[in-house]
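First up is the structure itself, then whatever we jot down about it.
Derivation of every value follows stated rules applied to the coordinates shown; laboratory data play no part. Since this is a predicted model, take the numbers as computed values, not measurements. Because the Cβ atoms are built from the backbone with ideal geometry, glycine has one as well, and the counts that use them run over all protein chains shown.
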Amino acid sequence: MRTSFDLTGQVAFVTGASSGLGAHFAQTLSEAGAKVVVGARRADRLKDLSERITASGGTALAVDLDVTDANSVAQAVARAEDEAGPISILVNNAGIPPRALSLEMDEAEWDSVMDTNLKGAWLMGREVGRRMVDHGNGGRIINIASVLGWRTVAKRVQSYAVSKAGMVSLTETLALELGRDGILVNAIGPGYIKTELNTEFLESAPGERIQKRVAVGRFGEPEDLDGALLLLAGPAGAYITGTVIAVDGGLTLSTL
Ligand code: NAD
């Protein structure tokens, strides 16, 4: 049924699942019925997450993954498919924030932001995409971009914004390339979503000034992304590809 968000029988792989939104996405996909594979570099945190998912009745597998390393990506995806079955949903969530302005940044920092946020999503998309094509059952790829993929913030986060704009373009080009194989590729562009890493900043005085620019008057919670995630992952999203859904409470409507 095209109005369904049921993911029973699906295998979902979430990258960067050791904290924040990735951990939340894994739980949401599990609650919708998917078997989940959680990948990241921090094995202890992944183990805790997979135990929590299992304790609440789901099925979870934790795999070591560094999205910047093609060998690690190949090994993680192979292990996921060996132990959990063919991956039908990929959530490219792993990402790092920038730490310096453009003129102050060194090459190593530029490379680490691009390698994690953009190249990592391509490496995962390539590895999982090839297997989805071979399996012949279609699939879904969901890239976690940002509103900074199409808007900017003065004097901040340039390398991050460039990487997220690249992710939007990657979403469009992959959607075109894989559509005939039944593989739908979309992105979510979150605004400011509260997680353990940014809550202190968002509740500070600069955070309060930012909050005034959000049309609905509050920052998002991870649960606010669930509707877009399940739409893009499930039967209800069967005719959506190559698009970015902004989930930002109207932040990008703020006046210029
Ligand atoms: P987070 O730092 O808690 O999560 C990022 C995850 O990616 C971490 O678990 C980290 O360990 C993992 N990661 C980093 N490098 C990796 C690598 N090389 N290999 C594997 N995993 C790696 O932050 P978050 O807020 O949960 O962000 C998740 C995603 O959502 C990111 O892509 C971020 O850019 C995007 N996003 C977040 C917000 C927000 O307000 N929280 C807004 C827009 C976009």
Worksheet entry | For VAL247, residues with placed amide H under 5 Å, excluding near neighbours | GLY189, GLY191
Response to the item:
Counting only residues 5 or more apart in sequence or on a different chain, those whose built amide H sits under 5 Å from that of VAL91 are PHE13, VAL14, THR15, ILE142
Worksheet item: Once both labels are modelled 7 Å past Cα along the beta-carbon direction, what's the SER102-LEU176 spacing in nm?
Response: 2.6 nm
Worksheet entry | From phi via Karplus (6.51, -1.76, 1.60), per-residue ³J(HN,Hα) for segment 124-138 in Hz, x at Gly/Pro | 5, x, 5, 5, 6, x, 4, 5, 4, 4, 4, 5, x, 10, x
Practice prompt. Show the residues, 5+ positions off or on another chain, whose built amide H is closer than 5 Å to the amide H of GLY139.
Written response: ILE183, LEU184
Discussion item. What do you get for the angle between helix 43-55 and the principal long axis of the chain? Use alpha-carbon atoms, 0 to 90 degrees, nearest ten.
Written reply: 60 degrees
Worksheet entry | the chain - Kirkwood radius from inverse mean 1/r over Cα pairs (Å) | 18.4 Å
Practice prompt. Please give the length that would be gained between ARG42 and THR8 if that part of the chain were fully extended, namely 0.36 nm times their separation in residues minus their C-alpha to C-alpha distance (nm, one decimal).
Written response: 9.5 nm
Practice prompt. State, to one decimal in nm, how far the label point of ASP82 lies from the label point of SER169, with both points 7 Å from Cα in the Cβ direction.
Written response: 3.7 nm
Practice prompt. Using the Karplus curve 6.51 cos²θ - 1.76 cosθ + 1.60 with θ = phi - 60°, work out ³J(HN,Hα) for each residue of segment 57-73 in order, rounded to whole Hz, and write x for Gly and Pro.
Written response: x, x, 10, 9, 10, 9, 10, 5, 8, 10, 5, 7, 10, 4, 5, 4, 4
Worksheet entry | Angle between the chain longest axis and helix 20-31 axis [Cα atoms, degrees, rounded to 10] | 40 degrees
Worksheet item: Between ALA145, ALA80, VAL113, whose Cα lies farthest towards the positive end of the dipole of the chain when Lys and Arg beta carbons carry +1 and Asp and Glu beta carbons carry -1, centred on the Cα centre?
Response: ALA145
Worksheet, complete the sentence: Once phi for every residue in segment 100-108 is put through the Karplus expression 6.51 cos²θ - 1.76 cosθ + 1.60 (θ = phi - 60°), the whole-Hz ³J(HN,Hα) values, with Gly and Pro written as x, are 8, 6, 3, 6, 9, 6, 9, 4, 4
Fill in: Mean separation of Cα contacts under 8 Å (6+ apart) over length of the chain, as relative contact order %
19 percent
Fill in: Likely footprinting exposure, HIS24, HIS135, fewest C-beta neighbours within 10 Å first
HIS135, HIS24
Item to complete: With a ≥ b ≥ c taken as the square roots of the eigenvalues of the C-alpha gyration tensor of segment 163-256, please select rounded if a/c is under 1.5 and otherwise prolate if a/b is larger than b/c or oblate if it is not?
Response: prolate
Worksheet, complete the sentence: Rg from C-alpha atoms of segment 206-252, normalised by the globular rule of thumb 2.2 N^0.38 Å, equals 1.40
Discussion item. What's the ranking of 38-51, 6-19 by average number of surrounding C-beta atoms within 10 Å, highest first?
Written reply: 6-19, 38-51
Worksheet, complete the sentence: Once the in-chain neighbours fewer than 8 apart are removed, the aspartates and glutamates whose Cα is under 14 Å from LYS47 read ASP64
Worksheet item: Per the helix-only calculation at 222 nm, which mean residue ellipticity applies to the chain, given -39500 (n - 2.57) for every DSSP H run of n ≥ 4 and division by its residues, nearest 500 deg cm²/dmol?
Response: -12500 deg cm²/dmol
Fill in: segment 158-230 - percent relative contact order, Cα under 8 Å, separation 6 or more
26 percent
